[in-house]
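Here's the structure we're looking at; comments come further down.
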Amino acid sequence: MSQPQLRLVLAISLDGRLAPAQGGAAQLGGAGDRAVLEEALAWADGCLVGAATVRLHRGTCLIHRPELLERRRLEGRSPQPIAVVVSRGRGLEPSLPFFRQPLERWLLSPGPAQPAFGAHLTLGPWRATLAELGRRGLQRLVLLGGAELATALLAEDLVQELQLSLCPLLLGGAHGWLSPLAPDLSGQSWQALEQRPLGGGELLLRYRRSPTSGVRGAA
């Protein structure tokens with residue numbers, strides 16, 4: 001079975017930041033960003049999200065638009081994509097509102113299972129781990145962050161598409177959408193798919209990984 005399709009979906013500032021300089025949860029996107037985020041969620045079978053991101057926001061993103069929920073119903077799919085939480089440490093506190101959200105939750109971790117999750121998968125090498133998610137029916141995945149998780153998957157050339165909502169803010173600081181310890185990614189190249197104003201000064205940018213990605217200096 002082929003690797004699942006993986007789309008990185010983020011709202012970022014003009015200087016490529018995910019959070020304010022002092023850290024904490026950033027609410028960057030407006031209504032336009034929310035609309036395209038929900039469209040990406042409606043496309044997906046599952047969402048990959050780091051445990052630290054879930055702790056910071058105390059939950060994950062949900063589809064609310066009735067037409068998107070209806071489309072998933074007609075396709076015989078669950079109302080929400082499965083939330084796949086990636087944790088290399090202590091997992092998540094059961095008291096988080098995340099565990100009251102109306103969706104299925106899986107844990108991807110090298111550690112023990114947690115009863116609050118519907119399934120536990122062992123986190124191993126990323127290529128093999130994604131293949132296992134594909135075997136379990138998650139053929140279309142959105143990656144919602146954080147920076148370390150995005151960096152790890154990009155470093156292995158496993159992300160096929162970038163969906164970035166560019167927000168009209170400058171934040172400064174060190175909280176970029178890639179880890180400051182990211183390896184050299186200059187061998188990857190990307191082809192523009194779409195650019196669209198979202199209102200409120202926001203701009204949607206979508207890119208697909210070039211077929212020559214991974215070849216240093218490829219056009």
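Scan region 11-30 for residues that are within 18 Å of residue 199 (Cβ to Cβ) and within 17 Å of the chain's Cα centre (by Cα) and the total you get is 6.
Residue count for region 1-57 satisfying the condition of being closer than 18 Å to residue 106 by Cα and touching a Cys at 6+ places or on another chain (Cβ under 8 Å): 2. In region 202-217, what residues are more than 19 Å from residue 143 (Cβ to Cβ) and either loosely packed, with under 13 Cβ neighbours inside 10 Å or modelled with pLDDT of 95 or more (or both)? 202, 203, 211, 215, 216, 217 - these are the residues of region 202-217 that are more than 19 Å from residue 143 (Cβ to Cβ) and either loosely packed, with under 13 Cβ neighbours inside 10 Å or modelled with pLDDT of 95 or more (or both). Among the residues making up region 171-202, those that are in contact with a helix residue (DSSP H, G or I) (Cβ under 9 Å, 6 or more places away or on another chain) and outside any loop (DSSP other than H, G, I, E, B) are 176, 196, 197, 198, 199, 202.
Going by the conditions given, is residue 52 closer than 17 Å to residue 9 by Cα and either assigned to a loop (DSSP other than H, G, I, E, B) or modelled with pLDDT of 95 or more (or both)? No: the conditions fail for residue 52. For region 1-36, give me each residue that is within 17 Å of residue 160 (Cα to Cα) and either open to solvent by less than 40 Å² (accessible area, probe 1.4 Å) or part of a loop (DSSP other than H, G, I, E, B) (or both). Scanning region 1-36 gives 1, 2, 3, 4, 6, 7, 8, 9, 10. Could you go through region 99-120 and let me know if any residue there is outside any helix (DSSP H, G or I), charged (D, E, K, R) and at negative phi. Among the residues of region 99-120, at least one is outside any helix (DSSP H, G or I), charged (D, E, K, R) and at negative phi, which makes the answer yes. Residues in region 162-193 that are open to solvent by 40 Å² or more (accessible area, probe 1.4 Å), within 21 Å of residue 14 (Cβ to Cβ) and of a type in the set (Ser, Thr, Tyr): there are none. Tell me which residues, restricted to region 101-117, are in contact (Cβ under 8 Å) with a residue 24 or more places away in the chain and under 21 Å from residue 80 (Cα atoms). Of everything in region 101-117, those that are in contact (Cβ under 8 Å) with a residue 24 or more places away in the chain and under 21 Å from residue 80 (Cα atoms) turn out to be 101, 102, 103, 104, 106, 108, 116, 117. Take the residues of region 84-140 that are surrounded by 15 or more Cβ atoms within 10 Å (Cβ to Cβ) and among the hydroxyl-bearing types (Ser, Thr, Tyr): which is farthest from residue 54 (Cα to Cα)? Among those residues, the one meeting the criterion is 129. Check whether at least one residue in region 150-161 is of a type outside the set (A, V, I, L, M), at pLDDT below 95, open to solvent by 30 Å² or more (accessible area, probe 1.4 Å) and in a loop (DSSP other than H, G, I, E, B), and report yes or no. The answer is yes; a qualifying residue exists.
The values are calculated or read from the model by the stated rules, or taken from the named source; none is laboratory data. This one's a predicted model, so the numbers in the text were calculated from it and none came from an experiment. Glycine also receives a Cβ, built like all others from the backbone with ideal geometry; neighbour counts cover every protein chain displayed. All accessible areas refer to the heavy atoms of the entire protein, side chains included, with ligands and DNA or RNA removed. Shrake-Rupley method; radii C 1.70, N 1.55, O 1.52, S 1.80 Å.
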